[in-house]
Amino acid sequence: MDKAQIGNSDLISTVNSRLILQAVRVMQPTYRASVARQTGLKPATVTGIVNDLLSQQILSEVPAATPTGSDESGTRWGRPPLMLQVNADAKRIVAIDLEPDRIRVALTDLLVNVLNYQEQAIDRFSEPEAIIKTMLKLAGRALEDVDRQQLQGVGVSLPGLIDREAGVLISSTNMPKWRDVPIRDILQKELGVPVQVERSIHLAAVYEKWSDPNHAHRTTLMLTLRTGVGISIMHHGHLLTGRRGFEGEIGHTVVDLNGKACECGGKGCLETFVSASAIVARAAEMIHQGKCQGLLTAMRGGTDLRPELIYKFAKRGDRDCARIVQEIGKYLGIAIGNMINLFAPDEVVICGSIDMVE
Ligand SMILES: [Zn+2]
């Protein structure tokens with residue numbers, strides 16, 4: 001067998017393993033026959049891979065709740081058939097979310113139940129070395145009681161443009177010091193386990209797909225509102241990604257030709273109206289004009305000026321804060337309307353770490 005054939009058969013069995021794991025996760029507890037039906041794989045292939053996953057303890061077997069039958073006296077007989085489920089505790093995963101102003105680290109099991117969570121605010125103008133050091137410190141804390149053998153890998157969510165093949169963060173408008181940083185290799189060397197990187201906007205779509213298998217039949221636009229704004233497009237379960245990660249930059253589409261200067265060098269970008277920093281800047285400007293006095297009082301009481309606070313005041317009936325929220329809605333509406341005309345999606349999902357939508 002030549003090298004290419006070995007590579008192909010490895011790849012096929014990896015892909016099939018993932019398909020089977022995914023099917024078990026969605027249907028669990030479930031039977032081997034159901035997994036074969038769901039994945040379209042031959043029963044013999046399913047049996048082989050399931051046995052392998054059972055020996056690695058990634059899957060486990062549980063007796064079915066209903067016994068196989070009972071005799072005339074009503075006495076139950078027969079061993080209940082065995083069903084498959086994911087052994088969530090078999091492995092641990094570390095998820096690192098790098099946002100320009102915050103790092104979040106979660107330790108999870110195989111079913112993404114969060115077992116440990118660490119978070120720290122950062123200065124987005126810091127050198128990459130300092131920020132990576134903080135990431136490693138938080139990951140170290142999350143992994144304190146974890147046997148490294150049990151660690152399956154680390155997934156890193158990054159803002160900005162990436163080269164996902166090379167694991168490099170090419171640039172990020174909101175973190176100007178980051179230029180071609182080989183973040184995957186740096187973290188891999190320090191943590192000693194496989195590391196994968198992806199853009200945060202795409203990971204939101206990946207999670208949608210993971211949590212709802214019906215995405216395989218839909219076109220979804222996923223708008224992520226965070227420090228910046230991005231969009232991810234998933235068509236029939238596949239992410240549309242551009243060359244070298246240059247995609248999803250809806251935040252830098254122009255919605256007002258006479259708008260403010262944007263950090264990207266443009267003018268009137270969507271991000272200058274709806275990003276977390278733009279919302280906060282707008283509120284600060286209004287406070288300066290003698291408006292949004294409720295916010296000022298809250299800030300004097302020690303509360304941080306964050307988008308969540310502005311939204312809370314708008315909901316309570318503060319007219320100035322309501323105006324800010326209306327403006328956000330207006331510009332988001334323009335951008336989303338354009339995207340709907342382009343892609344005719346089945347649904348638009350708005351998500352993010354700024355709690356401006358319900
Ligand atoms: Zn811009």
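A few points about this structure:
- Flag for Val195 being at positive phi, more than 16 Å from the ligand (Cβ to nearest atom) and among the hydrophobic types (A, V, I, L, M, F, W, C): no
- Condition broken by Val206, with the remaining ones in (1) within 16 Å of the ligand (Cβ to nearest atom); (2) of a type in the set (Val, Ile, Thr); (3) assigned to a helix (DSSP H, G or I) satisfied: (1)
- Sole residue being of a type in the set (Gly, Ala, Ser), at positive phi and surrounded by fewer than 16 Cβ atoms within 10 Å (Cβ to Cβ), chosen from Gly317, Gly333: Gly317
- Condition met for Asp304 (in a loop (DSSP other than H, G, I, E, B), away from the ligand (no atom under 16 Å from the Cβ) and among the charged types (D, E, K, R)): yes
- Filtered by the rule that a residue be farther than 25 Å from Met222 by Cα and modelled with pLDDT under 90, the range 302-334 gives Gly302, Thr303, Asp304, Leu305.
- Condition check for Gln85: under 23 Å from Arg184 (Cβ atoms), modelled with pLDDT of 95 or more, in contact with a helix residue (DSSP H, G or I) (Cβ under 9 Å, 6 or more places away or on another chain) and not aromatic (Phe, Trp, Tyr): no
- Residues in the range 28-52 that are small (Gly, Ala, Ser) and under 23 Å from Ala65 (Cβ atoms): Ala33, Ser34, Ala36.
- Subset of the range 141-192 (residues that are β-branched (Val, Ile, Thr), without any contact (Cβ under 8 Å) to a residue 60 or more places away in the chain and not in a helix (DSSP H, G or I)): Val146, Val168, Val181
- Scan of the range 243-297 for residues that are polar (S, T, N, Q), within 12 Å of the ligand (Cβ to nearest atom) and in a loop (DSSP other than H, G, I, E, B), ordered by number: Thr253, Ser275
The values are calculated or read from the model by the stated rules, or taken from the named source; none is laboratory data. Since the structure is predicted, the reported quantities are computational estimates derived from the model, not experimental observations. No Cβ is skipped: glycine too gets one built from the backbone with ideal geometry, and neighbour counts run over all protein chains shown.
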